[in-house]
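**Student:** Below: one structure in structure tokens.
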Amino acid sequence: MQDPTIIESFWDVDKDFALLGLQVLPGLIAPAGSRGRERFFQAFRNYYATDSVKTASHLIKARFNVNKKHGVSDEDIAHFDLGVCTALLVNTVPAIWWTLFHAFSNQALLKELRHVIAAAISRQYKSREPLTAISIDVPHIIQTVPLIDSFVKEVLRVHSNSMSARLLLQDKVIEDDKGTSYLLKKGSFLAMPSAPVHASTDAWGPNASTFDPARFLHLQGDRISRSAYRAFGGGHALCPGRHFAMNEIMGILIIMVMKYDISPLDGDWSIPETRDHISTSVMTPGRDFLVRIKPREELQYMGGNFVWRFQKRTGRSE
């Protein structure tokens with residue numbers, strides 16, 4: 001799609017998500033979101049009508065083929081695609097924002113990230129001679145630099161505020177740490193917010209309120225309950241796209257820290273106030289945060305352009 005307003009239309013829908021969900025006079029109570037939703041649907045109707053899906057990603061092609069196999073119309077497929085974009089974007093975009101914020105606002109962390117990533121690249125290319133171009137195997141870096149995984153998980157622990165919900169199939173009595181008992185009635189919905197669990201000193205230790213990029217490097221075996229980390233939910237509702245999302249965030253982190261320097265326009269890296277959204281589990285900054293992005297000058301280990309390459313399991317580059 002070539003129309004840049006479609007991107008704006010999607011985020012208009014996201015902002016008015018709760019009001020649109022009421023399904024009551026959307027044109028009056030959520031005009032921006034309602035117009036954005038219709039523009040989004042029309043764009044995808046045109047997309048499929050012009051057979052543009054031939055140039056789409058494997059994901060979109062696979063979904064389109066499955067829908068067509070079962071007789072789903074292009075109109076309905078266009079509607080379904082709003083859900084796909086929501087799943088792919090509404091949490092990963094703010095998660096990437098927070099990841100870059102913490103990486104570039106902490107000079108010691110930024111230096112360490114660049115050091116361990118550069119070391120992984122050097123191990124891949126054993127020659128000491130300057131290279132005119134480097135094909136960097138991003139998944140290999142992710143797998144061999146555990147600090148990256150730990151850092152992103154810590155970002156999600158601190159900035160996610162998801163809510164898991166369960167329908168009680170039977171009466172259940174629970175007890176808090178003060179010995180008070182509560183009866184949870186069969187047929188009720190139980191809401192479980194992640195933020196209190198992620199801030200629990202019982203689960204995470206006395207430094208639970210501290211941002212520690214290496215926290216997950218230190219956790220071993222049974223030192224923490226699996227249910228204490230709920231950035232992607234838990235149980236049978238554990239997010240099936242969590243690995244894709246993590247790789248997406250980590251891949252962008254690697255590219256940005258190695259290729260660019262980022263600094264705030266006002267010179268202040270103070271954490272902005274945040275706001276919650278009914279459609280997302282990662283909080284977003286409550287205001288615009290303007291930064292200056294420029295290419296790095298300290299690329300001493302190579303002499304040319306980067307070629308960023310993700311390797312498939314087959315060994316072929318994508």
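**Student:** With a/c under 1.5 counting as rounded, go ahead and sort region 198-252 into rounded, prolate or oblate using the C-alpha gyration tensor (a ≥ b ≥ c being the square roots of the eigenvalues; past the cut-off, prolate if a/b is larger than b/c, else oblate).
**Tutor:** Taking the square roots of the gyration eigenvalues as a ≥ b ≥ c, region 198-252 is oblate.
**Student:** How would you order 267-277, 93-103 from highest to lowest mean count of nearby Cβ atoms within 10 Å?
**Tutor:** Going from most to least packed, we get 93-103, 267-277.
**Student:** Can I ask one more? For K185, go through the lysines and keep the ones whose alpha-carbon is under 19 Å away, minus same-chain ones fewer than eight residues off.
**Tutor:** Partners within reach: K172.
**Student:** Given R₀ = 51 Å, what would the calculated FRET efficiency be for I252 paired with V24, taking r from the Cβ atoms and rounding to 0.05?
**Tutor:** Computed FRET efficiency for I252 and V24 comes out at 0.85.
**Student:** What distance in nm separates the simple spin-label points at S122 and T210, each placed 7 Å from Cα in the Cβ direction?
**Tutor:** 2.9
**Student:** In deg cm²/dmol and to the nearest 500, what is the mean residue ellipticity at 222 nm of the chain if only DSSP H runs of at least 4 residues count, each as -39500 (n - 2.57), divided by the residue total?
**Tutor:** Mean residue ellipticity, 222 nm, calculated: -14500 deg cm²/dmol.
No value in this document is a laboratory result; all are computed from the given coordinates. Being a predicted model, the structure only gives us computed values, none of them experimental. A quick note on method: Cβ atoms are made from the backbone with ideal geometry, for glycine too, and the neighbour counts reach across all protein chains shown.
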